[in-house]
Structure formats: structure tokens, C-alpha cells
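Worksheet: the structure to be examined is printed underneath.
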Amino acid sequence: MFAVAIAVGFAETGTAEALVFRHVNVVPMDEERVLREQTVLIEGGRIVSIAPAADAEIPDRATVIDAGGQYLMPGLAEMHAHMPGQGDDRRYRENVAFLYLANGVTLARSMLGAPVHLQLCQQLADGSVDGPRLISAGPGLGGNIQTPGEGIRVARQQAEAGYDLLKIFWGMPHDAFNALAEAAHAANIEFSGHVPGAVGVPRALEAGYTTIDHFDAYMPTLVDSDETEGVDGGFFGYRYAPYVRDERIQAIAEKTRDAGVWNVPTETIMHSAFAVDLETVREDRPEFRYMPQGVVDGWVNWVTNFRNQDHYDQEAGDAFIQVRLDLIKALHDAGAGLLLGSDAPQWFNVPGFSVHREMAVMESAGLSPYDVLKTGTVNPAEYLGEEDVFGRVAEGLKADLILVNGNPLEDLAHAQDIEGVVRHGRWFSREDLDERLDEIAARNEN
Ligand SMILES: [Zn+2]
């Protein structure tokens with residue numbers, strides 16, 4: 001039904017050691033249910049068996065985790081991630097990878113690539129760097145692509161270089177976009193991201209975007225253009241919010257579903273722009289200690305300057321936030337595909353921590369915890385055409401898992417109450433995670 005990305009991918013190396021969870025409650029995510037008191041055996045990076053505690057055999061020399069009262073759920077995917085790039089410090093890049101993992105993120109889709117990320121994909125796959133599995137866009141394509149010839153060339157080049165997708169930005173003319181889209185399909189590489197103004201959402205749906213991110217360019221489709229003549233939409237079209245017509249939300253949700261295009265809303269970034277309290281944000285977000293001070297200062301400056309602009313319109317911003325929640329709900333109700341993505345590390349979004357904030361916002365749009373969890377587990381697997389590889393807790397699937405202290409189907413906050421993470425069969429206990437997190441925080445204090 002949905003557009004499927006083409007994963008090129010790196011072979012992942014699982015550890016040979018056996019790992020066993022005893023007395024654990026399993027949240028399989030195949031339907032909304034919990035399997036109580038199970039023994040889960042993991043070997044070679046895969047889930048080998050899930051069985052009621054009484055029937056299970058435990059191999060000698062297995063690492064055994066007594067997980068009574070705890071819940072084992074699939075690892076989460078951050079579908080709009082960023083990784084520090086070519087010019088950034090290697091250690092910062094590796095810390096970011098670890099911050100994702102420490103929050104239960106076992107797959108990250110990096111939305112702005114650089115050659116160094118291809119190497120990082122390999123290192124994360126073979127376990128020489130601790131972090132999520134990484135799929136990576138190539139370098140950004142927007143105003144730098146002006147002709148059909150450039151569009152064709154760059155689509156082929158990035159596919160050949162080994163990137164998993166093309167990241168579209170603004171500023172690409174319509175004919176260059178059309179040529180790029182066609183060349184991308186021919187080269188078996190997906191394209192996702194922003195929607196250039198010259199293209200627009202209706203054409204983007206038709207052209208075969210795999211994901212549209214940030215609901216980019218949706219706002220103009222939600223208003224009657226004769227009512228907004230002379231209105232400058234501004235940042236993601238937020239000034240159109242007071243003119244939005246409910247029936248248009250419904251209509252575009254259905255069109256999106258029919259086109260099989262996924263959306264990655266990245267609501268937390270919009271909350272950062274319009275809703276986060278700048279006076280208290282540094283106290284409200286203890287996770288800032290895991291980011292370099294300069295990065296946090298940059299975020300605060302950006303949002304401060306954004307809100308200090310002459311034409312900043314708080315009322316429209318508030319309406320915009322509500323329209324987007326309505327759009328999430330309408331897409332969900334229509335059966336259109338939603339993927340979890342927060343856009344980290346951008347404006348107040350500390351990698352990993354921000355997916356949990358994003359899930360809370362999605363729940364506030366009216367989705368159940370189960371439906372929200374799907375956007376970060378089974379839906380990303382469907383997006384990649386890898387339903388039999390990851391996204392559920394089931395025999396034969398990759399052991400990319402989170403052990404949490406409460407039932408996430410009852411309260412999403414439990415998904416962040418992490419007792420440990422399994423990454424391709426390797427166990428990171430709470431102690432392991434805290435030790436490295438403390439190191440990262442200590443380094444940022446210097
Ligand atoms: Zn982004």
C-alpha cells in the first residue's frame with residue numbers, strides 16, 4: 001500500500017553470545033497485547049524463541065536477565081534524525097549515536113548526509129561504534145539543482161555512492177525536480193524530505209515521494225487561495241493557520257493515503273519554534289547536559305531571534321500547532337502512514353530524548369499509545385519493506401529491543417523508563433548506559 005524505501009544497507013554483525021530474559025512481559029506490537037511471564041532467548045543478534053517461562057530451556061553460558069515485572073518492546077526508530085557531519089568532531093558524532101541508543105532508538109534515518117556518514121553506517125552495523133542502525137540520505141538537494149541534467153546526474157551519483165535516499169530541500173525548479181524524480185526511480189533510490197514551492201504537495205504525492213517531512217507545503221493546500229491573497233505564509237506556512245478549512249484537512253489526508261506517501265511530522269521542532277517557554281527551557285530539559293554548550297546556546301539564540309522578528313505572529317503560531325495536531329489525527333483516521341521523527345539535534349531536541357517528547361505530542365493529537373508506538377516500530381519496518389526483519393518482538397526478528405519498567409501501552413512515559421537496550425543481540429544495561437551518559441555530560445562541562 002505504501003511506498004517502500006529501497007534499503008541498500010550494511011550487513012549487521014550480531015554477537016554470538018546468548019542472552020535470556022526471564023519472567024519478562026513481552027509487548028510484541030503485532031497487536032495491542034502483552035504476553036505475560038515469558039522467557040525470551042536471543043542468539044546471534046536474533047530472537048530465537050519466546051515461550052512461557054515454564055517451558056523454556058536456557059542454554060549454558062547465556063547471560064540471564066531476571067526481568068520480572070518489566071516489559072520487552074521493540075527498539076524505536078527516529079525517522080528524521082541528523083548526524084553531525086563532515087566538519088564536526090568525530091567524538092561528537094559518536095556521542096550523538098550513543099544518545100540515540102541510550103534512549104532506545106535502534107534505527108535512525110539521517111536526513112542530511114555526508115561521505116563520513118557512509119563510514120559511520122558501516123561502523124554502527126559492525127558494532128565498532130555503539131548506536132542505532134543508520135540509514136542515510138545524501139547531501140541536500142535544493143537550490144543547488146537548477147536544471148533537469150543536474151537532477152538526473154545527482155540522483156545517479158548519490159545512488160551509486162551508497163546513500164539510502166535523496167534529501168530534497170527548497171529552491172529546485174519544477175522541471176529539475178521532475179527529471180530528478182524520474183532518475184531516482186530508475187536508479188532505485190527513494191527521495192524524501194521538503195517539498196519545493198515550485199512543486200507543491202499534490203505533485204509531490206503524484207511524483208512518488210516516500211516521505212514528506214515536517215508536513216512541508218501542506219499549509220497552502222489547507223486554505224482557499226482567494227482568502228489568503230497577499231498573506232505571506234512564512235515559516236512552514238504558519239501564517240495560513242487562521243484560514244485553514246477543516247474539510248481541506250480531511251481531503252488532503254485522504255489524498256495522502258491514496259498516494260501511499262508517509263509523513264514524518266516532527267512536531268517537537270514546531271513546538272520549539274512557537275510553544276516552548278524560553279525562560280525555563282534550560283531547567284525544563286535536563287538532557288541539555290548531554291549536548292555541547294555551544295549547540296544549546298545556538299538553539300536558544302535561533303528561537304529567540306525567530307520570535308523577535310518584526311512580523312512574528314504568536315496567535316498564528318498557536319493556531320498552526322493546533323492545525324498540525326488536527327492533521328496528524330486526520331491522517332491517522334484516514335489510514336495514511338505516519339512515522340516517528342523529531343528532527344534531532346535541532347532546536348531543543350537532544351538526540352533520543354526528543355523521540356519520547358515527540359511521542360507525547362502525537363498522543364496529544366488523539367492517537368492511542370499503541371498507535372503512537374507503531375509509528376516508531378512496525379511502520380518504519382513497513383517503510384523499509386522489512387516487516388520480517390525488525391519492528392516487532394517475534395521469533396526470527398533482529399534483537400533490537402528495549403527493556404522498560406512499565407507497560408508502554410498503558411503509559412507512553414514508560415517507554416523512556418529504560419532498564420536496558422539490546423542492540424543486535426548485545427545487552428546495554430542501565431549501568432552501562434549511565435556510565436557512558438555521565439562521561440558525555442562530564443566532557444561537555446569542560
Ligand atoms: Zn531535519
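Just subtract the alpha-carbon distance of GLU387 and GLU419 from 0.36 nm times their residue separation and send over the number in nm, one decimal.
Working: separation 32, 0.36 × 32 = 11.52 nm, distance 2.57 nm.
In short, 8.9 nm is gained.
Treat each spin label as a single point 7 Å out from the Cα along the C-beta direction, and report the GLU435 to ASP226 distance in nm.
Rounded to a tenth, the inter-label distance reads 7.0 nm.
Let's see if you can work this out: charge +1 on each Lys and Arg Cβ, -1 on each Asp and Glu Cβ, no other charges. What is the dipole magnitude of segment 76-383 about its Cα centre, in debye to the nearest 20?
Magnitude of the dipole: close to 860 debye.
Kindly express, to the nearest 10 degrees and within the range 0 to 90, the angle between helix 174-186's C-alpha long axis and the longest C-alpha principal axis of the chain.
30 degrees
Test of understanding: what is the full-extension gain from VAL64 to SER364, defined as 0.36 nm times their sequence separation minus their Cα-Cα distance?
Working: separation 300, 0.36 × 300 = 108.00 nm, distance 3.78 nm.
Between VAL64 and SER364, full extension yields 104.2 nm more.
For the chain, what proportion of DSSP beta bridges, expressed in % and rounded to the nearest 5, is antiparallel?
Counting DSSP beta bridges with both partners in the chain, the antiparallel share is about 50 percent.
Which shape class applies to segment 76-383: rounded if a/c is under 1.5, otherwise prolate when a/b exceeds b/c and oblate if not, where a ≥ b ≥ c are the square roots of the Cα gyration tensor eigenvalues? Kindly include the intermediate steps, with their values, before the conclusion.
Values: a/c = 1.42, a/b = 1.08, b/c = 1.32.
Note, shape of segment 76-383 comes out rounded.
Can you say what percent of the DSSP beta bridges in segment 1-128, counting only those with both residues inside, are antiparallel? Round to 5. Mind showing how you got there, number by number?
Working: 11 of 21 bridges.
In segment 1-128, approximately 50 percent of DSSP beta bridges are antiparallel ones.
Could you grab the relative contact order for segment 332-408? Cα pairs under 8 Å, six or more apart, rounded to a whole percent. Could the numbers behind the result be given before it?
Working: 58 pairs, mean separation 16.6, N = 77.
Computed over segment 332-408, the figure is 22 percent.
Counting other C-beta atoms within 10 Å, which of THR228, THR304, THR375 has the fewest, and how do the rest follow?
Details: THR228 18, THR304 10, THR375 28.
Ordered by Cβ neighbours within 10 Å, fewest first: THR304, THR228, THR375.
I'd like the distance separating the alpha-carbon centroids of segment 215-252 and segment 260-277, in whole Å.
With segment 215-252 and segment 260-277 each reduced to a Cα centre, they are spaced 16 Å.
Run lengths n ≥ 4 of DSSP H only: what is the helix-derived mean residue ellipticity at 222 nm for the chain, with -39500 (n - 2.57) per run over all residues, to the nearest 500? Spell out each step's value before the answer.
Details: 14 runs with 163 residues, N = 446.
Calculated mean residue ellipticity at 222 nm is -11000 deg cm²/dmol.
Return the whole-Å distance between the Cα centroid of segment 170-214 and the Cα centroid of segment 297-374.
23 Å
Could you give the angle, 0 to 90 degrees to the nearest 10, between helix 90-102's Cα long axis and the longest principal axis of the Cα atoms of the chain?
70 degrees
If each residue of separation counts as 0.36 nm, what is the full-extension length gain between GLN157 and GLU37 once their alpha-carbon separation is subtracted? Write down the numbers at each step before the final one.
Details: separation 120, 0.36 × 120 = 43.20 nm, distance 5.09 nm.
Full-extension gain reported as 38.1 nm.
Could you work out how far apart the two model spin labels at ASN407 and GLU182 are, taking each label as a point 7 Å from the Cα in the direction of the beta carbon, and quote it in nm?
Calculated label separation equals 5.5 nm.
Within the chain, what's the longest run with no GluC sites (Glu not before Pro) in a DSSP loop and at most 10 other beta-carbon atoms within 10 Å? Give the range, please. Walk me through the intermediate numbers first.
Working: sites that count: GLU31, GLU57, GLU229, GLU279.
Of all site-free stretches, the longest is 58-228.
Please arrange PHE2, PHE236, PHE390 by how many other C-beta atoms lie within 10 Å of their C-beta, fewest to most.
PHE2, PHE236, PHE390
When only Cα pairs under 8 Å and 6 or more residues apart are kept, what is the percent relative contact order across segment 264-354? Mind dumping the intermediate values first?
Details: 73 pairs, mean separation 49.5, N = 91.
Relative contact order comes out at 54 percent.
Reachable lysines from LYS374, Cα under 20 Å, same-chain residues fewer than 8 places away excluded?
LYS374 reaches LYS329, LYS398.
Could you list LYS255, LYS374 in order of exposure, starting from the residue whose Cβ has the fewest other Cβ atoms within 10 Å?
Result, fewest neighbours first: LYS255, LYS374.
So what's the angle, to the nearest 10 degrees on a 0 to 90 scale, between helix 148-161 and the longest Cα principal axis of the chain?
Between the helix axis and the principal axis of the chain, the angle is about 10 degrees.
Take every Cα pair under 8 Å in segment 76-383 that's 6+ residues apart, average their separations, divide by the length, and report that relative contact order as a whole percent. Display every interim value, and only then the final one.
Working: 566 pairs, mean separation 57.1, N = 308.
Relative contact order, segment 76-383: 19 percent.
Just the number: Rg to Rh for segment 134-289, Cα atoms, Kirkwood Rh, two decimals.
Values: Rg = 17.4 Å, Rh = 17.0 Å.
A ratio of 1.02.
Values quoted throughout were computed directly from the atomic coordinates according to the rules given, and no laboratory measurement underlies them. In this text, all values refer to a predicted model and were calculated from it rather than measured experimentally. As a convention, Cβ positions derive from the backbone with ideal geometry for all residues, glycine included, and neighbour counts pool all protein chains shown.
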